[in-house]
1. With charges only on Cβ, +1 for K and R and -1 for D and E, what is the dipole size of chain A about its Cα centre, in debye, rounded to 20?
2. Among A:177-189, B:323-335, how do they line up from the highest to the lowest mean number of other beta-carbon atoms within 10 Å?
3. Which residue, B:103, B:155, B:145, has the largest displacement toward the positive end of the dipole of segment B:44-209 when charges sit on each Cβ (Lys, Arg +1; Asp, Glu -1)?
4. Provide the packing ranking of B:167-175, B:239-247, i.e. peptides ordered by the mean count of other C-beta atoms within 10 Å per residue, highest first.
5. Quick one: what does P(r) look like for chain B with 10 Å bins over all Cα pairs, in whole %?
6. Can you give the % of DSSP beta bridges in segment B:119-260 that are antiparallel, to the nearest 5?
7. Kindly state, to the nearest 0.05, the FRET efficiency for residue A:143 paired with residue B:320, given R0 = 45 Å and r defined as their beta-carbon distance.
8. Where both partners of a DSSP beta bridge lie in segment B:44-209, what percent of those bridges are antiparallel, to the nearest 5?
Amino acid sequence: MDDNQIVNENAYPDDEYIYNETFIGEDGEEYYYEEPLISLFDVVKEYDKGMVKALNGINLDIFEGEFVSIIGPSGSGKSTLLNMLGALDKPTRGKIFIDGIDLVKEKDLSQFRQERIGFVFQLHNLIPNLSVFDNVQIPLLPTDMSNKEMKERASEIIRAVGLEDKKKQRPNKLSGGQRQRVAIARALVNNPSIILADEPTGSLDSKTGELILNLLMEMHERYNVTLIIVTHDNGVAALAERTIKIKDGKIIEDKYNY
Amino acid sequence: MSIIGIAIGITTIVALGLITTGMEDSVQTSLNDVGAEITVSNSSSVSTNTGLIDSSIVEEMKNRTGVIDAAGGLTVTEMNMDRLKSRDSDSSSLATTVVGLAPDKLYMMGINDVDGKIYENGTRDAIVGAEYAEVNNVSIGDDITLQGKEFNVTGIFETGSPFVDSGIYVPLDTLQDITDNDGVSRILVKTGEDVNDSAISDKIEEDYENFTTLTSEEISSIADDVLGILDTATLAVSALAIIVGGIGIINTMVMAVYERTKEIGVLKSVGWKSRKILTMILGETLVLTTLSGIVGSIFGILIPEVGLRLFNVTDFALGYSPKTFILAFGITIIVGIIGGIYPAYKASKLAPTEALRYE
């Protein structure tokens, strides 16, 4: 992490706030603001007509290429937060900007999801009656890629996650770890700039979980993808460059691990 | 599973369609008019057996303007006493209409083609309708008893009208002789072309106050009335079939698509637009309903056909008309699309997280 980068300091900027400008700090050194890739301003998510507050005023900046883990007990709102970041749901109040796109105002987020986001679900969410290859190819179908390009791209990514020999199999013939690798391949196939993984190792034994994490981290390093992992496992969280702790819908800690 | 569900709906529509069209067809042939344009009978008596017309009137009819030919016919009813006594469920006719008609006038009843030989005047020969022959197991050369006398069957005819085809025709003079009658029960009148049948028939009723006439136009208008009633009944049955079948199809489609809510959530989360999802569901619905349409049509034909054979129904045939199949396919596709698109639309409007939570 860059030493003179200011992260998450007074994260709620006023209108005149301009990123990527230098300023002189109190210590007399020159600093600059890097424009965050993801900015959340006072995000609130309520369920059951306000009876349940899953997120209760989240302010957060995440920068391009970061590897962030979000940790917290179950029901703390970490998955809800991840869904907001992936534009899978909209907040009740507050603002979310990703790469300049206002996710609250934007009506049709499908293109945004298609181009920017790769989502790895805890329960894989693979389509059972499609083969591994078809599952991986799904995010490419709405694009204007040719059939040949799509096939090449899907094959390439299946090779990268080491499932070349399982291409034609249905997900129910695969082990939990293999299914999760398919889910990762599907998340990566459209070259997203952000990978969001919701408990990617939650349903796996520790050895398989490690393999999956290594795979995600490798993708993060190789392609400079911003990687955000939700977990309740401190060991997994510690692998990330930055750990955000959530409790009762609020950020209670935000620290860099090294 | 979905194909079976939808196919049951189509089977209902097709099977009931075939049966109702068959009913219409059979009534239509029953009411087909015969050769003569005007039938004259005696109105002074209810029964045609007793209220006879003097034979001399036949000649008078023949000489009227616009009339080409006239023929007297004597009709008696032959009861099958054996059938009454035996109480067996044998299938022979209980009562048969026996018509005495001169051999050269048979064409007036629409009897043109006779398998075998037509009788001659004064003989104890008879020709029988194809339906009578089949029901009573009678063939050419057999003897039958009519009014207590033996007659030899010389021919079998088929006109297509069940009323005529279930009867027996014998020489008029023979029947008059046996029954001790001089008169005829009705006069068949053949009019020329380009003449007004109703004007002629009105004139006959005017000149002979005891006579009533029935023109073939009147018969066909009665037929139209009957068919009209039948049409309405058919429509009601079809509507019922469509509702029952349609509900089945819509239910199947709604369930099939609801089950895929989670899949729709996955597609949305990887960036599919709602429109693309709907197009996909629409395409699948078309394939599904077409396949089901074929399966359902096959069963819709098989079930009533097998049923008819199983219960040995011979005097009723299913009415095959393209209308039935077009209707069944049309309904299925429309209802299938409504049933498929509605839940798909709802699912595609859900936030992906909610759709994904669906189990």
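1. So the magnitude is around 2140 debye.
2. The peptides rank, most packed first, as A:177-189, B:323-335.
3. B:145
4. B:167-175, B:239-247
5. 5, 18, 20, 16, 13, 10, 8, 6, 3, 1
6. Numbers: 6 of 11 bridges.
In segment B:119-260, approximately 55 percent of DSSP beta bridges are antiparallel ones.
7. Values: r = 49 Å, r/R0 = 1.10.
Efficiency, rounded to the nearest 0.05: 0.35.
8. Close to 75 percent.
The values are calculated or read from the model by the stated rules, or taken from the named source; none is laboratory data. Just so it is clear, the model here is predicted, and its values are computed rather than measured. Reconstructed Cβ throughout: ideal geometry from the backbone, glycine too, with neighbour counts over all protein chains shown. Please note that ligands, DNA and RNA were not included when accessible areas were found on the heavy atoms of the full protein model with its side chains. Shrake-Rupley method; radii C 1.70, N 1.55, O 1.52, S 1.80 Å.
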